[in-house]
Amino acid sequence: MSNDATDGGTEPVLHDDAMGRFPVPDLEDLPEDLSERIAEETERAGFTPNVFAAMAYKPSHFRAFFDYHDALVEDTALEREEIEMIVVAVSGVNHCYYCNVAHGALVRIYAEDPQLADQLIANYRTADINDAHRTMLDVAVTLTERPTEVERDDLEALREAGFSEEALWDIASVTAFYNLSNRLAMFAEMRPNDEFHTLGRS
């Protein structure tokens, strides 16, 4: 049965092409708590982000994944704009199509800047950002590409840039989580919704 059959309005839709290498489950077969979360996200976004369809493949992992995601964005010393900047810079160096597009949209929305996400994806070092954010992304990208090279001096650079001890932890946590997310999205061949490409561009 195609999951596209119920498309319309803000009704949840699990698109069959949300990922290319594993089957997307039928909405009616999901546990109640997953269905409720997907309905909430659909109402909020106006469409069902494909990551929810993909992660529903394994309900226990769906719960753990989004519980940690929620903790990262709700219990944090970082601004939401900063979180999304980290996600996009990390996803850019990892070449994660899904996260570049989906979180690129969130950067545009939270930063209220239609160009910033594209700059960060291409090369965060030349993006129109302040020195503190460049230091933040330097550390996030080093942790992504060369984790054994992260040293105490990197933490001190963040402190000197004005970040609190809690913020240092949060920068590392967001970076680590989205390295996991990038790799899973690429392995499963997750595809971003068409809607993400145009959000926040005007």
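Since every read-out is calculated from the coordinates, none of them should be taken as a lab result. What you see is a predicted model; the values in this text were computed from it and never measured. Counting neighbours? That spans all protein chains shown, and the Cβs are built from the backbone with ideal geometry, glycine included.
Would you work out the charge dipole size for segment 1-123 about its Cα centre, treating the Cβ of every Lys and Arg as +1 and the Cβ of every Asp and Glu as -1, and quote it to the nearest 20 debye? Don't jump to the answer; show the numbers that get you there.
Details: 7 positive and 25 negative charges, 107 e Å.
For segment 1-123, the charge dipole is close to 520 debye.
Which of PHE66, LEU180, ASN123 sits closest to the plus end of the dipole of the chain, meaning its Cα is farthest towards the positive end, when Lys and Arg get +1 and Asp and Glu get -1 on the C-beta?
My answer, from the dipole projection, is ASN123.
Put one equal scatterer on each alpha carbon of the chain, apply the Debye formula with no solvent term, and list log10 I(q)/I(0) at q = 0.13, 0.14, 0.17, 0.18 1/Å to two decimals.
Ignoring solvent entirely, the Cα scatterers give -0.71, -0.82, -1.15, -1.26.
Beyond 16 Å, what share of the Cα-Cα pairs of segment 71-162 remains, rounded to the nearest whole percent?
On the way: 2221 of 4186 pairs.
It works out to 53 percent of all Cα pairs.
How about segment 112-202: which GluC sites (Glu not before Pro) there are in a DSSP loop, with at most 11 other Cβ atoms within 10 Å of their Cβ? All intermediate terms of the calculation are to be shown ahead of the outcome.
On the way: sites: GLU112, GLU145, GLU149, GLU151, GLU156, GLU160, GLU165, GLU166, GLU189, GLU195; in loops: GLU112, GLU151, GLU189.
Passing both the DSSP loop test and the Cβ count: GLU112, GLU151.
For the chain, calculate the relative contact order in percent as a whole number, restricting contacts to Cα pairs under 8 Å that are 6 or more residues apart. Working shown, then result.
Working: 281 pairs, mean separation 52.7, N = 202.
Once divided by the residue count of the chain, the mean separation gives 26 percent.
How large are Rg and Dmax for segment 104-202 when only the alpha carbon atoms are used, in Å?
14.8, 42
Can you give the Rg/Rh ratio of segment 14-73, where Rg is from the C-alpha atoms and Rh is the Kirkwood radius? Numbers along the way, then the final one.
On the way: Rg = 10.9 Å, Rh = 11.7 Å.
Result for segment 14-73 is an Rg/Rh of 0.94.
Give the residue from LEU14, VAL51, PRO25 lying farthest towards the positive end of the charge dipole for segment 14-73; charges sit on Cβ (+1 for Lys and Arg, -1 for Asp and Glu) and the dipole is referred to the Cα centre.
The Cα lying farthest towards the positive end belongs to VAL51.
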